[in-house]
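Every read-out reported here was derived from the displayed coordinates using simple, explicitly stated rules and does not represent laboratory data. All of these numbers come straight from a predicted model, not from anything done at the bench. Cβ placement follows ideal geometry from the backbone for every residue including glycine, while neighbour counts extend to all protein chains displayed.
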């Protein structure tokens with residue numbers, strides 16, 4: 001078709017002159033009939049076909065609220081573990097759920113894949129040069145400094161103690177009260193307050209008292225909106241323009257700039273307060289103090305801007321992911337009573353009332369509770385806290401499945417889709433079955449990081465994975481032992497599109513005290 005139109009233009013240049021623009025567009029539409037204009041065809045990779053000239057951009061916008069199901073449908077329909085798609089204004093992405101490829105990207109050929117310009121540009125306003133956005137020496141420095149706080153002694157003593165204290169407050173002031181008064185409570189909201197209070201105390205030595213507040217803490221509300229808007233930037237190639245237009249035509253509505261101001265003010269306030277405390281001779285062992293006493297790569301004290309980026313990056317790591325994992329855990333427990341009953345039995349067999357307030361002893365017992373770990377791992381298989389991730393190829397590469405990656409490609413992997421794939425997890429992939437994590441000998445099964453990248457993999461594997469697991473298991477044990485939760489009928493339980501996997505409409509429950 002394209003050659004026919006070109007022949008007509010050559011034969012009658014005068015008659016076709018007025019139609020030049022239309023003819024040129026027609027030629028391009030014939031050439032790029034299934035992809036974005038000027039995107040090259042990747043015949044060696046299974047391709048999600050798109051519209052002429054714009055590719056998959058309309059579909060991405062249409063399915064934005066269910067982006068993970070959109071990707072899941074693509075992998076299922078194309079019957080593969082690796083695919084590519086083209087969308088106008090968005091760089092070429094090659095997606096995979098093949099465990100071999102995921103491990104290759106994150107571990108085997110780690111040096112070839114970085115946070116690329118698209119990721120850095122979209123994330124910069126919120127996360128700056130913090131550990132999520134950093135590459136190379138900057139990332140190594142932040143990781144090494146933070147690693148000093150994640151040791152066994154801190155886990156056994158300080159960390160467990162903070163979790164127990166916060167849960168004790170939560171049970172007395174929220175769940176006991178709700179049970180006595182037969183009130184409906186948003187479980188998701190409570191978990192966010194719990195993890196925010198816990199991590200702000202552990203990481204920054206600040207008592208935020210979110211659990212004591214009926215309303216959402218302004219910082220937390222702004223942080224959630226900023227995260228959501230940050231994710232939307234990845235599917236909106238002209239986000240600087242649209243964000244500016246929205247702010248101009250709806251000045252009464254809180255904008256990304258407003259959310260960032262609230263978040264930024266909180267972080268800087270915490271930093272300045274700590275500077276005063278350290279100047280007065282106070283000794284602090286939290287994460288922020290370690291960075292304030294450290295030196296950057298040039299041997300200088302970290303600036304307020306550098307510390308601000310570090311604060312916000314570790315808050316999303318410590319607050320959001322665990323709160324969401326706990327919310328999805330209890331959603332699965334209330335909808336799978338068999339699992340809840342089996343978990344309760346393990347808790348009653350191992351956890352006494354006295355043990356719950358002996359943090360070092362509690363830590364040692366929790367380490368060996370196989371079924372509790374299996375439940376948590378199975379939840380993260382279905383509802384990974386970071387459901388979609390991407391990197392940028394510095395050089396050409398060949399993946400283990402034979403896929404050819406070109407320099408400049410963005411590669412993405414989707415743990416949300418991977419956890420539901422029968423090709424990855426077998427015919428019962430969609431079922432919630434914690435027993436898959438327990439060996440015939442009754443020990444906890446360890447899957448490869450490529451198959452289960454819930455905590456990332458390779459050199460950038462989540463520094464706080466053991467902290468998050470400990471915090472989650474302490475909360476699960478306390479709450480399951482003391483309460484029976486029931487889901488309020490008529491809710492839509494689904495995720496909110498964001499960098500992580502929050503519940504879009506919350507998770508309303510009623511609660512009863514268990515007989516002790």
Evaluated at q = 0.06, 0.09, 0.13 Å⁻¹: base-10 log I(q)/I(0), Debye formula over Cα of the chain: -0.32, -0.70, -1.39
Percent antiparallel among DSSP beta bridges (both partners in the chain, rounded to 5): 75
Long-range Cα-Cα pairs in the stretch 27-101 (distance over 16 Å), rounded percent: 48
Extension gain from residue 345 to residue 285, taking 0.36 nm per residue of separation minus the Cα-Cα distance: 17.9 nm
Zone residues, the stretch 79-109, relative to residue 147, backbone N less than 20 Å from point 7 Å out along Cα-to-Cβ: 106-109
Extension gain, residue 242 back to residue 446 (0.36 nm per residue minus Cα-Cα distance, nm): 68.9 nm
Crossing angle, helix 67-78 versus the chain [Cα axis fit, 0-90 degrees, rounded to tens]: 60
Solvent-free Debye scattering, log10 I(q)/I(0), computed from the Cα coordinates of the stretch 289-374 at q = 0.12, 0.21, 0.26 Å⁻¹: -0.63, -1.03, -1.23
Value at 222 nm in deg cm²/dmol, rounded to 500, when DSSP H runs of n ≥ 4 in the chain each add -39,500 (n - 2.57): -15000 deg cm²/dmol
Stokes-Einstein translational diffusion, the stretch 221-290 - Kirkwood Rh over all Cα pairs, 0.890 mPa s, 25 °C, in µm²/s: 170
Cα-Cα separations in the stretch 359-473 greater than 17 Å, expressed as whole percent: 63
Helix 465-482 vs. the chain, principal-axis angle (Cα, 0 to 90°, nearest 10): 60
Compactness index (Cα Rg / 2.2 N^0.38 Å), the stretch 189-326: 1.17
Rg in Å to one decimal, and Dmax rounded to a whole Å, for the stretch 431-473 via C-alpha atoms: 12.0, 31
Extension reserve of the residue 76-residue 173 stretch, reckoned as 0.36 nm per residue once the Cα distance is removed: 30.3 nm
Protection proxy ranking of 81-94, 36-49 - average other beta-carbon atoms within 10 Å, highest first: 81-94, 36-49
Protection proxy ranking of 97-105, 159-167, 340-348 - average other beta-carbon atoms within 10 Å, highest first: 97-105, 159-167, 340-348
Packing-based ranking, highest mean first, of 475-487, 136-148 given that Cβ atoms within 10 Å are counted: 475-487, 136-148
Tilt relative to the chain, helix 2-11 - C-alpha long axis, 0 to 90 degrees, to 10: 30
FRET efficiency, residue 406 to residue 338 (Cβ-Cβ, R0 45 Å, nearest 0.05): 0.40
Simple spin-label estimate for residue 276 and residue 43 in nanometres, 7 Å along Cα-Cβ: 6.9
Residues of the stretch 274-295 with amide N under 16 Å of a point placed 7 Å along Cα→Cβ from residue 158: 274, 278, 282-294
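More than 22 angstrom separation, counting every C-alpha pair in the stretch 411-513; what % is that? Let's see the in-between values first.
Working: 2687 of 5253 pairs.
Of the Cα pairs, 51 percent sit more than 22 Å apart.
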Principal axes of the stretch 125-232: Cα extent on each, largest first, Å: 54, 40, 18
Overall Cα dimensions of the stretch 338-417 - principal axes, largest extent first, Å: 59, 30, 19
